[in-house]
1. Looking for whichever is in a helix (DSSP H, G or I), in contact (Cβ under 8 Å) with a residue 40 or more places away in the chain and among the polar types (S, T, N, Q) here; the options are Ser244, Ser222, Ser231. Which one fits?
2. Are any residues in region 273-289 assigned to a helix (DSSP H, G or I) and under 17 Å from Gly254 (Cα atoms), and if so, which ones?
3. Output the number of the condition that Phe42 fails; it satisfies all remaining conditions of (1) among the aromatic types (Phe, Trp, Tyr); (2) open to solvent by 60 Å² or more (accessible area, probe 1.4 Å); (3) under 27 Å from Cys245 (Cα atoms).
4. Quick one: in region 246-273, which of the residues that are among the hydrophobic types (A, V, I, L, M, F, W, C) and more than 22 Å from Val294 (Cα to Cα) is surrounded by the most Cβ atoms within 10 Å (Cβ to Cβ)?
5. Taking the condition more than 18 Å from Leu196 (Cα to Cα), surrounded by 14 or more Cβ atoms within 10 Å (Cβ to Cβ) and of a type outside the set (Val, Ile, Thr), does Leu109 pass?
6. Among the residues that make up region 316-328, is at least one of them farther than 30 Å from Ile63 by Cα and of a type in the set (D, E, K, R)?
7. Spot the failing condition for Val306; the list is (1) more than 30 Å from Val225 (Cβ to Cβ); (2) not in a helix (DSSP H, G or I), and only one is missed.
8. Quick one: Val190 ticks every box in (1) more than 26 Å from Pro57 (Cβ to Cβ); (2) open to solvent by 60 Å² or more (accessible area, probe 1.4 Å) bar one, so which box is it?
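The values are calculated or read from the model by the stated rules, or taken from the named source; none is laboratory data. These numbers come from a predicted model, not from an experiment. A quick note on method: Cβ atoms are made from the backbone with ideal geometry, for glycine too, and the neighbour counts reach across all protein chains shown. The accessibility values were calculated without ligands, DNA or RNA, using every heavy atom of the protein model including side chains. Shrake-Rupley method; radii C 1.70, N 1.55, O 1.52, S 1.80 Å.
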Amino acid sequence: MERLQVWPERFKKFFLNNKFVVSLLIILLVGINILVFSRVPFIFKPLSVLLHTVAAPLLLSGIAYYLLNPLVDRLEKRSKVKRAYGIVILYLIIAGIITLILLTVIPILRTQLIGLIDNFPKYSDQIQQEFIDLTGSELFGRIQENVGVGTDVGDLTSKVTTWATTFLNNAVNGVGNFVGALTEIILAVVTTPFILFYLLRDGKRLPDYLMRFIPNSLQPQSRMVMKEMNSQVASYIRGQIIVSCCIGALLYIGYLIIGLEYSLVLAIVAACTAVVPYLGPAIAITPALIVALVTSPFMLLKMVFVWTAVQLIEGKFISPQIMGKSLKIHPITIIFVIIFAGKMFGVLGIILAVPGYAVFKVIVTHLFQWFRFRSGLYQEIEEDKENSTKG
């Protein structure tokens, strides 16, 4: 009889109270769920089509919501205007700003963009000629002899030409996909203002509405999770867009001072790519380097000086003041997250990598705290710490 009572105690001690075994069981259950869902993908096809249809409008509306919601709140509190009327007033102001941009900035941008596209073949030929001159120079020959590596310029040129031809063929084949994507973008832009209006008007009621589907015992913790997620996403979106606009404005001023051609186009490209942390500036500097290189070596030095100065100003003054330490994510983690998201989901994954990881981190952190509290697996460690501090 005693042996029968001992076995349940041993099972509880070595299996149920074993952190490693419990972790393996959780991983096994997650794997079984993934396997089951992967065997019945047709069930989720309507859901995937729905998400694909509404993803772009919801994404644009969400970004615009986090940018405009503080303005609507301030307008409602200070001027005591009804929220719906405040949204309409804000829409009219935005429409006026967009009209002003279309009348002033777009003609300049169009002229510079057409000029850059027309001169790109000349820039390509000029860079190719400078490369041939460099590879045929005496200095390059000496370096080649010292390194002991032979370079066939004709073979290298042939490989570059083949790569360029393949790239152009893929671009031509992708025109149909581009037209389809452009149609989706137009539909998203058209529907975004309507979705945004209701988000701005009723967005504060959304947490209370979602709480109805959560058990009463979990509502306080769930509300805290939603609040932290909202704070993380809001701070990142607002901060990153403000930082990107500051980078674009500073680069435009710097390019105008040094007299770099196509300054507006290059500054807008830098502002758009700056949305991606760390990797964005490396992508944005490439067209500016090409334009400065074909202009003159001295222009290249001036462009590098302007770029370095703007990056220092952004890193030391702008980002710390605007972004702060709200996300609390290590830079190496951000780089790995961006690379992984880019491999998995493409350009959209690169853009949404950091805020998505921030939301995921909040959820996982609270789930782990809930699991630690409910499982009791970490109780001994916490008691030992308390006893050591008391001792």
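1. Details: Ser244 fails: in contact (Cβ under 8 Å) with a residue 40 or more places away in the chain; Ser222 fails: in contact (Cβ under 8 Å) with a residue 40 or more places away in the chain.
Result of the check over Ser244, Ser222, Ser231: Ser231.
2. Within region 273-289, Pro281, Ala284, Ile285, Thr286, Pro287, Ala288, Leu289 meet the criteria.
3. Of the numbered conditions (1) among the aromatic types (Phe, Trp, Tyr); (2) open to solvent by 60 Å² or more (accessible area, probe 1.4 Å); (3) under 27 Å from Cys245 (Cα atoms), the odd one out for Phe42 is (3).
4. So the first thing to find is which residues in region 246-273 are among the hydrophobic types (A, V, I, L, M, F, W, C), and the list is 246-247, 249-251, 253, 256-258, 260, 264-272.
Of the ones still in play, those that are also more than 22 Å from Val294 (Cα to Cα) are 246-247, 249-250, 271-272.
Values: Cys246: 19, Ile247: 25, Ala249: 13, Leu250: 21, Ala271: 22, Cys272: 14.
Once the filter is applied, the top-ranked residue is Ile247.
5. Details: more than 18 Å from Leu196 (Cα to Cα): yes; surrounded by 14 or more Cβ atoms within 10 Å (Cβ to Cβ): yes; of a type outside the set (Val, Ile, Thr): yes.
In short, yes.
6. Of the residues in region 316-328, the ones farther than 30 Å from Ile63 by Cα are none.
Checking region 316-328: not a single residue is farther than 30 Å from Ile63 by Cα and of a type in the set (D, E, K, R).
7. Only one criterion in (1) more than 30 Å from Val225 (Cβ to Cβ); (2) not in a helix (DSSP H, G or I) is unmet by Val306, namely (2).
8. For Val190, the failing item is (1).
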